[in-house]
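Trainee: What follows is a structure written as structure tokens; I'll ask about it next.
Any read-out appearing in this document is the output of simple, stated calculations on the displayed coordinates, not a laboratory observation. What you see is a predicted model; the values in this text were computed from it and never measured. Quick reminder, even Gly has a Cβ in these numbers, built from the backbone with ideal geometry, and neighbours come from all protein chains shown.
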Amino acid sequence: MRTVPGGLGNERGSMVVMMAVSLMAMLALGALAVDLSSLRDAKGEAQRAADAVALAGATAFRDLPSADVATSLEAQRRAFEVALLNKVRFDTLNVKDSTWVENTYGWGKVYVSESQDVTLNVIPDSQKVRAFVRRKGIRTYLAKLLAYPFGHVQARATAWVTNNGPKVSCLKPFAMPDMWLESDTVTQDVNKNKYMDPNTIVTGNGQDGESWKYQPASIGGNDWYAPYNPDAPSTDPTHPQTGYGSGIRNDGVTRTADIGLPILLKPQTGNGNSQPTAERMGNAFWMLDLNDTLGFKQEVGGCGSAAIGDTVPYDHGSKTAVRQAIDDLIRDDPSAQWDDVTSQVVGSRFPNWTDSPRVATVALIDPKYWVANSSNDKPDPGSLYTNFVRIFFEPVARNGPPTDIHARYIGPAPGGLGGPTGGSLVKVLQLIE
């Protein structure tokens, strides 16, 4: 009987088979790792995009009245503008042909805007913007062999604006009295609109607008002041909140929450003070010394920090330096201008107009510190910051005093470092999920 040489016990070549099988397994694991890594990176990109989109949308509630439908539409515009700057797996997010649907619930409204890659939930009552970013069709390597040629990722983020703000982190060196209710409707609030109308047409050093004097009960007057506190609305209809942002000057047509209110600021020198009548006018400002190592023009170009309740560091200075500092800011963004229709700045060279150097955070003080006497040449010692707001500097009027500053009130100031301070106009933009 013949036998087969080598028999079944011959294992020559088996190592090659094992190596081939192992190599295939290793390649499969490698391909799977590439798939997982690609999807993980895509997920991270989607999450970063969602964070940026939500934050960008929520800035509209920081800058504009939350109750206006136009503000929610502006939140969508800002969010989608930022979405177009983001990519997931090398492709820009697609926000074309978006929808806009209003949903009303028992607790309020939600505006839903949906596009191919981004869905927004704009919630004005809580000043929130929730963003969903998704990307379909991410190619796979190994998974396509298992009938999964594409992967999908989605991320969610929510940002909001809260009124309980901390200290401001970019304060410019200006303080002005917060707005009070002027009781004199004969010589001061002549048109009885609760608003100190600025000068408009007179040439030279004359003034044709109103110039108020704060005359509270403490000096025998009837004026009163109550700072705007969104967390504690006034319950006394005879003494409503009067400060900037309170809405006491709303006319229901041209402005809400004082946004867009023209402001005339005159450099206060302290001259002309006499008792018992205060001569220090409400349309005045005072320079601040936020950094004793810097000159005033450097401080205008930089940022200071302060919190409500801090002592106000008043400073003396040159009117010319003030005018030059404002002119420098205007030259940095010369085409920007206020639009009364949209209640925001248009024509700015900055994609987000609130980044314009002409948008500045300034301090408010209680007008009781603005009641002058015959000896002081600056507001009373012990002045404290009452609030912080933002204004938009406008070019100096050619037909008025060159030292005057024209501006628009544009709303609450963005917050910076520090702990919360109740009743503040400072608004904080936060990513909350």
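Trainee: In this model, which of Lys192/Lys213; Lys266/Lys368; Lys213/Lys427 are farther than 23 Å apart at the alpha-carbon?
Mentor: As for pairs spanning more than 23 Å Cα to Cα, those are Lys213/Lys427.
Trainee: Which of the GluC sites (Glu not before Pro) across the stretch 49-124 are loop residues per DSSP, with 14 or fewer other Cβ within 10 Å? Could you put the intermediate results ahead of the total?
Mentor: Details: sites: Glu74, Glu81, Glu102, Glu114; in loops: none.
Here no loop site has a sparse enough neighbourhood.
Trainee: For Glu114 and Ala321, FRET efficiency with R0 = 56 Å and r from the beta-carbon atoms, rounded to 0.05?
Mentor: 0.60
Trainee: I would also like to ask the following. For Phe61, what is the net charge nearby, where nearby means another residue's Cβ is under 12 Å from its Cβ and Lys, Arg count +1, Asp, Glu -1?
Mentor: 0
Trainee: Going through the stretch 77-143, which trypsin sites (Lys or Arg not before Pro) have at most 13 other Cβ atoms within 10 Å and a DSSP loop state? The partial results should precede the final answer.
Mentor: Values: sites: Arg77, Arg78, Lys87, Arg89, Lys96, Lys109, Lys128, Arg130, Arg134, Arg135, Lys136, Arg139; in loops: Arg89, Lys96.
Passing sites in the stretch 77-143 are Lys96.
Trainee: For Arg40, Arg62, what's the fewest-to-most ordering of other Cβ within 10 Å of each Cβ?
Mentor: In order of increasing Cβ crowding within 10 Å: Arg40, Arg62.
Trainee: Compute and list, largest first, the equivalent-ellipsoid semi-axes of the stretch 214-266 from the alpha carbon gyration tensor, each √(5λ) rounded to a whole angstrom. Walk me through the numbers on the way to the answer.
Mentor: Numbers: eigenvalues 90, 55, 19 Å².
In descending order, the three semi-axes are 21, 17, 10 Å.
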